[in-house]
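Student: Take a look at this one; I'll ask things after.
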Amino acid sequence: MADKCLAVMPDQAMPYDLYTPQLVPALVAGGEARRATQLLDVLLARTQRALLYYGSHPNPLMDRELGQHLGTAQTLYLAARQIGDAPRAARAYELMRPYLRQ
């Protein structure tokens, strides 16, 4: 099913978003672990770039975008943990850490 979702809506036609990491556990369950980690890597890199940009250009008009990318980081963290990918989960957590309240 996850494979069908990615075939019908490829990244080039409909860029991956906040909900795409939810496909990761399904890909792993379907024997597509390599594809799942590739998906995580693409989204982690994009999320990192977006958070660096929005974090370095503070503007209340961009709060929504910042929040969306933080949500993506959280979803990536949860997906990576669910499949037991500790390094990618740690990477996602590190993206969120500067925004967490201490």
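Student: Against the conditions (1) open to solvent by less than 90 Å² (accessible area, probe 1.4 Å); (2) farther than 13 Å from TYR99 by Cβ; (3) not polar (S, T, N, Q), where does HIS69 fall short? Just the number, please.
Tutor: (2) is the only condition that HIS69 fails.
Student: If you go through region 89-100 one residue at a time, do you hit one that is of a type outside the set (Gly, Ala, Ser), open to solvent by 80 Å² or more (accessible area, probe 1.4 Å) and not in a helix (DSSP H, G or I)?
Tutor: So far as region 89-100 goes, no, none of its residues is of a type outside the set (Gly, Ala, Ser), open to solvent by 80 Å² or more (accessible area, probe 1.4 Å) and not in a helix (DSSP H, G or I).
Student: Would you tally the residues in region 70-98 being more than 16 Å from GLN22 (Cβ to Cβ) and in contact (Cβ under 8 Å) with a residue 40 or more places away in the chain?
Tutor: 3
Student: Provide a single number: the residues in region 72-82 that are crowded, with 20+ Cβ neighbours inside 10 Å and of a type outside the set (Phe, Trp, Tyr).
Tutor: 6
Student: Separate question: Take TYR16 and decide whether it is open to solvent by 50 Å² or more (accessible area, probe 1.4 Å) and either under 11 Å from the mean Cα position of the chain (by Cα) or among the basic types (Lys, Arg) (or both).
Tutor: Yes: the conditions hold for TYR16.
The values are calculated or read from the model by the stated rules, or taken from the named source; none is laboratory data. No experiment lies behind these values; they were computed from the predicted model shown. Positions of Cβ are generated from backbone atoms using ideal geometry, with glycine treated the same way; all protein chains shown enter the neighbour counts. These accessible areas exclude ligands, DNA and RNA; they are computed on the full protein's heavy atoms, side chains included. Shrake-Rupley method; radii C 1.70, N 1.55, O 1.52, S 1.80 Å.
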